[in-house]
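The structure under discussion appears below in the form of structure tokens.
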Amino acid sequence: MEKHKLIDIASVIRSKNSGPYELTFDVIFKDFETYEKVKAAQAINKKNFCEAYGIDEDQILVQVYFDPAKAIKTTIKRPIPSGALGETDVYGAQQHAPLMAMEIEY
């Protein structure tokens, strides 16, 4: 197994609202070969996602590998609802930075 920076093997790493109480994160890989290796190794999983974001696993609502798009989608509970007092990213579009720094093994 080798370590790879997620930013080097993904063509898209993004976050966005999935309603006012949820955030969705998408990682779309550059090619199907890499995607299949990552998926087979379960290199992105609830444990390492939670470590990257400092959250408990019960905050993850869904995490799914989506073959047609060569992508993994993770949806979590928002720590603060969109637009609520103290919330700093109403669109959820600036929450993907920890994924950009993530290293995975496969």
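List the number of the failed condition for M1; all other conditions in (1) open to solvent by 30 Å² or more (accessible area, probe 1.4 Å); (2) closer than 25 Å to Y91 by Cβ; (3) of a type in the set (A, V, I, L, M, F, W, C) hold.
Unmet condition: (2).
Within the bounds of the range 72-79, is there any residue that is modelled with pLDDT under 95, outside any helix (DSSP H, G or I) and out of contact with any His (no Cβ under 7 Å at 6 or more places or on another chain)?
Within the range 72-79 (the criterion being modelled with pLDDT under 95, outside any helix (DSSP H, G or I) and out of contact with any His (no Cβ under 7 Å at 6 or more places or on another chain)), the answer is yes, since at least one residue qualifies.
Pick from the range 80-106 the residues that are in a loop (DSSP other than H, G, I, E, B) and open to solvent by less than 30 Å² (accessible area, probe 1.4 Å): which of them is farthest from F29 (Cα to Cα)?
Filtering the range 80-106 for residues that are in a loop (DSSP other than H, G, I, E, B) and open to solvent by less than 30 Å² (accessible area, probe 1.4 Å), the one farthest from F29 (Cα to Cα) comes out as D89.
May I ask you to list the residues in the range 12-51 that are touching a residue at least 60 places away in the same chain (Cβ under 8 Å) and among the basic types (K, R)?
Those that are touching a residue at least 60 places away in the same chain (Cβ under 8 Å) and among the basic types (K, R): R14, K16, K37.
Restricting attention to the range 62-89, report how many residues are under 11 Å from Y21 (Cα atoms) and hydrophobic (A, V, I, L, M, F, W, C).
Total satisfying the criteria: 3.
Considering only residues that are open to solvent by less than 70 Å² (accessible area, probe 1.4 Å) and in contact with a strand residue (DSSP E or B) (Cβ under 6 Å, 6 or more places away or on another chain), which ones fall in the range 38-68?
Hits for the range 38-68 are K39, A43, I44, F49, Q59, I60, V62, Q63, V64, Y65.
Among residues belonging to the range 69-79 that are among the aliphatic types (A, V, I, L, M) and buried (at least 17 other Cβ atoms within 10 Å of the Cβ), point out the one that is nearest to the chain's Cα centre (by Cα).
Checking each candidate, the answer is I72.
The values are calculated or read from the model by the stated rules, or taken from the named source; none is laboratory data. This structure is a prediction, so every number in the text was calculated from the model and none was measured. Here Cβ is always computed from backbone atoms with ideal geometry, including for glycine, and neighbour counts include all displayed protein chains. Areas reflect the complete protein model, heavy atoms only, side chains present, ligands, DNA and RNA absent. Shrake-Rupley method; radii C 1.70, N 1.55, O 1.52, S 1.80 Å.
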